[in-house]
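Below: the structure, in structure tokens.
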Amino acid sequence: MLVSAVLALSVAGPPTDGLTVLVTGATGGTGRLLYSYLKADSRIKAVRALVYGSGSGSPEAHQHAAEALNCSACDSTEGIFYGDVSVPASLTTAFEGIDSVAITVGAPPGSNTSQQKSIEFIGVENQAKALVANGAAGKHVTLCSSMATTNPKPLPFMGGPILFWKLNAEAFLGASGIPSAIIKPCGIEGRYGRGGKQLLVGHDDELAVRGAISREDVAAVMAEAVALRSSPLRFDLCIGSGPATTDLPALLDEAFYPWQE
């Protein structure tokens, strides 16, 4: 039964009438950019957002969504939903009828180990399960993770212990059979905006880090992976000193291992 389910996942194509995508962590620094890029992409039929909150959202959550996502009612009529990735029951409505989930949820600064585990690892498991709750065929996950997960004792400036939970989330997705693209940026504090830099891809933390990539470029690469439904893909992403990268589909092709081509 497991083999047949995985085969069904691997051969399922995108819906012919366009993709319906849910961005989780949509009011975060990367999530709000990804949400706006997908909204502007003609390959995407509909874009939803999951904002941290409960029920239909508090006034504060609605205000936060309005500022980040340029919504008016900021409710389900506009594809805006409220939930907590560590609480599976809160995800059901937002995930109904979607083809793809783009995960940009991250534990907040100062969070403890328990919070990091519940958001970065268990939260990814919960989102994947919600995605396939009504059938696995045709589903896809794009996850924003991080470089430096090959270091068993990463220093705080590299991410610290949270990278352990990010790595576990990556391993879960890889074993789940759900087609996925896992994007592992180097530091995302770059302030140069979208485009204008050479983008480099690699594996196993072998890329030479010459500076921080911008959130805009991370979101742009994620948006392309969502639209192309790239899978199975897991790669490091950073900037170089060469000519600016303008062909994102070619960049994603380069990110596959040679034997996957």
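Laid out as a table, the results:
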item	result
Residue count, the stretch 110-161 (criterion: in a helix (DSSP H, G or I) and among the hydrophobic types (A, V, I, L, M, F, W, C))	9
Total residues in the stretch 185-242, condition assigned to a strand (DSSP E or B), closer than 14 Å to S146 by Cβ and either of a type in the set (D, E) or touching a Pro at 6+ places or on another chain (Cβ under 8 Å) (or both)	3
Unique residue being at pLDDT 95 or above, out of contact with any Gly (no Cβ under 6 Å at 6 or more places or on another chain) and among the small types (G, A, S) when the list is S100, S90, S86, S58	S100
Looking only at the stretch 243-261, and only at residues there that are part of a helix (DSSP H, G or I) and of a type in the set (G, A, S), the one that is surrounded by the fewest Cβ atoms within 10 Å (Cβ to Cβ)	A250
Options A94, A107: the member that is touching a residue at least 40 places away in the same chain (Cβ under 8 Å), under 30 Å from P161 (Cβ atoms) and not in a loop (DSSP other than H, G, I, E, B)	A94
Test: residue in the stretch 220-230 that is hydroxyl-bearing (S, T, Y) and more than 16 Å from the chain's Cα centre (by Cα)	no
Pick from the stretch 188-201, criterion surrounded by fewer than 17 Cβ atoms within 10 Å (Cβ to Cβ) and out of contact with any Gly (no Cβ under 6 Å at 6 or more places or on another chain), ranking: modelled with the lowest pLDDT	E189
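The values are calculated or read from the model by the stated rules, or taken from the named source; none is laboratory data. Small disclaimer: the values here were computed from a predicted structure and weren't measured. Backbone-built Cβ (ideal geometry, glycine too); neighbour counts: all protein chains shown.
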